[in-house]
Amino acid sequence: MARPTTVFVCSACGTESAKWHGQCPGCGAWNTLAEEARADTRRSAPAAGRAVKPVRLADVRAERHARLSTGIGELDRILGGGVVPGSIVLIGGSPGIGKSTLTSMALGNLQGAGKRTLYVSGEESAAQIRLRAERLPGAALEVPTLAETDLDTVLATLDAERPEVCVIDSVQTLHAADLTGAAGSVGQVREVADRITRLAKARDIAVLLVGHVTKEGALAGPRVLEHLVDCVLQFEGERERTYRTLRALKNRFGSTNDVGVFEMRQGGLVEVEDASARFVGEATRAPGSAVLAAMEGSRPLLVEVQALVSPSELVPPRRVCNGIDRNRLALVLAVLGRHAGVSVGSADVFVNVAGGVRVDEPGADLAVALAVASAARGLPLGGDSPKPVACFGEVGLTGELRSVGHPDRRLAEARKFGLGPVIAPAGSEGGATEVPTLRAALRAALPQQPRARAA
Ligand SMILES: Nc1ncnc2c1ncn2[C@@H]1O[C@H](COP(=O)(O)OP(=O)(O)OP(=O)(O)O)[C@@H](O)[C@H]1O
Ligand SMILES: [Mg+2]
């Protein structure tokens with residue numbers, strides 16, 4: 001007999017508790033526990049377990065399925081070579097970033113290649129989905145579509161249609177009728193993902209689950225969702241900008257080192273294969289601009305870091321950054337002032353990674369430091385050198401430059417696009433201008449050194 005039980009679930013971490021606490025016993029957050037009634041879903045389980053003989057791995061039958069190509073090179077690469085049949089992929093991203101566009105395009109291509117597909121949307125009506133599909137390439141208009149929010153209906157349809165690949169847009173909009181709580185609540189999201197996963201694994205349906213992210217950038221719903229699925233892809237970028245990056249945070253069937261770069265256009269998302277060329281082509285040689293040889297996972301990428309240092313009336317002055325971590329900027333400014341003789345004092349400092357790209361690696365420190373120093377001194381990097389300067393390296397608290405991963409690939413990328421000299425930490429070799437400290441890097445990048453303007 002099904003017996004409804006009541007549990008208290010933390011909306012931050014998903015910890016369950018039999019009774020209410022003001023502070024979550026799992027993550028320590030306050031007032032996050034909410035009551036949830038749920039049907040006892042274990043009712044069909046046998047009362048007592050039956051012992052099963054474990055199987056030697058060598059005796060396990062494992063059929064090798066060919067991966068399904070989505071027809072989107074960057075997406076296939078990030079998945080490790082295409083969608084694995086029966087796998088569950090969670091695609092997270094902020095509103096309007098292009099999750100529905102990307103998944104609709106992938107299904108359109110798969111449908112066009114003769115695969116059975118299904119697009120389930122709980123957010124948009126079939127008419128809205130059609131309007132988007134009209135501007136997409138491939139067989140996007142041929143994709144069978146279901147606009148539905150009831151989980152049981154979706155599961156029954158999946159079971160009847162047996163698509164090879166299915167998109168659920170989004171996991172937060174489906175609702176399990178036998179659970180209380182609004183769609184999108186912790187318990188609902190987990191139940192929806194769990195039941196879809198079980199059906200998909202049993203029927204060998206590959207599912208692309210779209211998920212929303214919270215303001216803080218985490219995937220909404222409990223982190224348990226990330227454990228449940230095979231791959232977690234994060235779609236990033238700023239809505240107002242055209243460039244978006246797609247990276248794998250977790251992948252059971254491939255590496256998590258790859259990053260795909262896309263551009264949003266009228267005809268949908270277009271892969272940007274020569275991203276470095278784009279970003280470097282747009283780079284200026286004005287004071288305050290530095291080219292960073294970054295690594296996006298295992299892929300080298302040249303991006304322009306821009307800085308503006310301007311007198312401020314505000315106390316404290318502004319420290320605004322886009323595309324880099326705020327704390328890294330504070331660290332770089334402190335080291336610049338203390339060890340490299342570039343004090344921005346009470347001036348406002350703005351730092352921006354051009355193109356809306358986010359570089360979350362310590363190797364970006366040197367580019368930020370050089371861009372700020374160049375802006376503060378009003379001098380372009382490289383002086384009269386015909387080629388733009390590129391750089392990479394982590395700035396240490398004592399003013400030293402520390403080495404970062406893959407110097408060879410960063411150097412090769414900079415050379416490929418005709419940049420030089422490349423200012424890098426000692427030990428980078430490969431023709432780099434090796435410097436041991438931030439002060440030495442400034443001497444190499446800013447040959448003439450008039451007094452700092454904003455100091
Ligand atoms: N005609 C168009 N030309 C160019 N870009 C467009 C056009 N129509 C929509 N877009 C872009 O597509 C984006 C919306 O994409 P999409 O609906 O795939 O996002 P989403 O991540 O699914 O959003 P949500 O979280 O709201 O579901 C818009 O932000 C806009 O930039
Ligand atoms: Mg959408």
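Surface composition of the stretch 102-162: carbon and sulfur make up 47 percent of the accessible area, probe 1.4 Å.
Would you mind telling me the share, in percent, of accessible area of the stretch 303-355 contributed by carbon and sulfur at probe 1.4 angstrom? Write out the running numbers ahead of the final one.
Numbers: 1340 of 2520 Å².
Ligands and nucleic acids excluded, carbon and sulfur give 53 percent.
Computed from the C-beta positions of Glu313 and Asp178, the FRET efficiency with R₀ = 56 Å rounds to 0.40.
Distances between placed amide hydrogens fall under 5 Å for His406 paired with no residue 5 or more residues away or on another chain. Solvent exposure of the chain, expressed per residue, is 46 Å² of accessible area, with all protein chains present and a 1.4 angstrom probe. Across the chain, the fraction of Cα-Cα pairs farther apart than 27 Å, rounded to a whole number, is 61%. Secondary-structure-derived ellipticity at 222 nm for the chain, considering helices only, amounts to -7500 deg cm²/dmol, per-run term -39500 (n - 2.57) for DSSP H runs with n ≥ 4.
Mind running the shape call on the stretch 146-209? Use the C-alpha gyration tensor, a ≥ b ≥ c as the square roots of the eigenvalues: rounded below 1.5 for a/c, prolate if a/b tops b/c, oblate otherwise.
Details: a/c = 1.85, a/b = 1.73, b/c = 1.06.
Prolate, since a/c reaches 1.5 and a/b exceeds b/c.
Based on DSSP loop calls and a cut-off of at most 14 other Cβ atoms within 10 Å, the longest stretch of the chain free of exposed GluC sites (Glu not before Pro) is what? My reading of the result: 64-215 is the longest stretch. Amide H contacts under 5 Å for Val272: Val261, Phe262, Glu263, restricted to partners 5 or more places along the chain or on a different chain, H placed in the peptide plane at 1.01 Å from N. For the stretch 102-152, what does the alpha-carbon gyration tensor say about shape, rounded, prolate or oblate, given a ≥ b ≥ c as the root eigenvalues, a/c under 1.5 as rounded, and a/b over b/c as prolate? In terms of gyration-tensor shape, oblate.
Just to be sure I understand the rule: take each whole DSSP H helix in the chain, project its Cα atoms onto its long axis, keep it if the span is 24 Å or more and its mean Kyte-Doolittle hydropathy is at least 1.0. Which ones pass?
Numbers: long enough: 186-203 (26 Å, -0.40).
TM-like helix candidates: nothing returned.
Fully extended, how many nm does the chain gain between Asn257 and Ser346 (0.36 nm per residue separation, minus their Cα-Cα distance)?
Going from the current span to full extension adds 28.1 nm.
Set the Förster radius R0 to 41 Å, insert the Cβ-Cβ distance between Arg338 and Thr242 as r into 1/(1 + (r/R0)^6), and round the FRET efficiency to 0.05. Mind dumping the intermediate values first?
Numbers: r = 39 Å, r/R0 = 0.94.
The formula returns an efficiency of 0.60 here.
Counting only residues at least eight positions apart within a chain, or on another chain, the lysines with an alpha carbon under 29 Å from that of Lys99 are Lys115, Lys201, Lys215, Lys250.
In loop segments of the stretch 32-139 as defined by DSSP, the trypsin sites (Lys or Arg not before Pro) with at most 11 further C-beta atoms inside 10 Å of their C-beta are Arg50, Arg56, Arg61, Arg64. Between Lys53 and Asp360, the C-beta separation translates, for a Förster distance of 30 Å, into a calculated FRET efficiency of about 0.05. Rounded, prolate or oblate, given the Cα gyration tensor of the stretch 1-152, with a/c below 1.5 counting as rounded? Judged from the Cα gyration tensor, the stretch 1-152 comes out oblate (a/c at least 1.5, b/c at or above a/b). In this simple spin-label approximation, Glu123 and His65 carry label points 7 Å from Cα along the Cα→Cβ vector, and these lie 2.5 nm apart.
The values are calculated or read from the model by the stated rules, or taken from the named source; none is laboratory data. This one's a predicted model, so the numbers in the text were calculated from it and none came from an experiment. Note that we place each Cβ from the backbone using ideal geometry, even for glycine, and neighbour counts take in every protein chain shown. Keep in mind that these areas ignore ligands, DNA and RNA; they rest on the heavy atoms of the full protein, side chains included. Shrake-Rupley method; radii C 1.70, N 1.55, O 1.52, S 1.80 Å.
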